[in-house]
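The values are calculated or read from the model by the stated rules, or taken from the named source; none is laboratory data. Note that the structure is predicted; figures quoted are calculated from it, not measured. When the accessible area is computed, the model is the full protein with side chains, heavy atoms only, and any ligands, DNA or RNA have been set aside. Shrake-Rupley method; radii C 1.70, N 1.55, O 1.52, S 1.80 Å.
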Amino acid sequence: MLAVMSSEPEQQIGVGTPDAFQRLWTPHRMAYIQGEGKPSGPGADDGCPFCSIPAKSDEDGLVITRGETVYAVLNLYPYNGGHLLVVPYRHVADYTDLTAAETAELATLTKQAMTAIRTASGAHGFNIGMNQGVAAGAGIAPHLHQHVVPRWGGDANFMPVVGHTKVLPQLLADTRRMLAEAWPA
């Protein structure tokens, strides 16, 4: 129980100093913050994770499904449980550079992703989109990828706003398995 609350900032000295905050540590986010796994340059041979994922098993790469020209994979740093990416196999940065076949299959897998996520977790809505270029917020700008983020009424609680932390209730491997099983035939 708190004895006194003050609006004045107070420096915390040492681990465990009582300050009325409970901590939810998310050390896995440090890899994203520090840029781990990001390409060293714009080419496919510059360490692009989207170029290396298809060579892995579905389980190791967190791949949900594979098409002819694109595949669906879980986001390693999801905004919500079930947040996935639809990615062309070909290393291409700009949406306008996709072939007609890639564009069509990207759209088809996006629709299938929505169906699978609704089936598996009852999502109420979706944020769907892509960030084109570093200036637009693309984390891996050299390789185009479309985000499919499931949303539920009330899913944005105080944690992201106040604590800059997202609480995810399921391991990525379990989410991958659940969505792969729910993927439309």
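Observations
- Linear extension gain, H124 paired with V92, 0.36 nm per residue minus alpha-carbon span: 8.4 nm
- Computed over protein heavy atoms with a 1.4 angstrom probe, the accessible surface ordering of D97, D155, largest first, is D97, D155.
- Proximity of backbone amide H atoms, modeled 1.01 Å from N, is registered between V70 and Y89 at under 5 Å, excluding neighbours fewer than 5 places apart on the same chain.
- Distant-in-sequence amide H partners of R151 (H built 1.01 Å from N, under 5 Å): H124, G125, F126, N127
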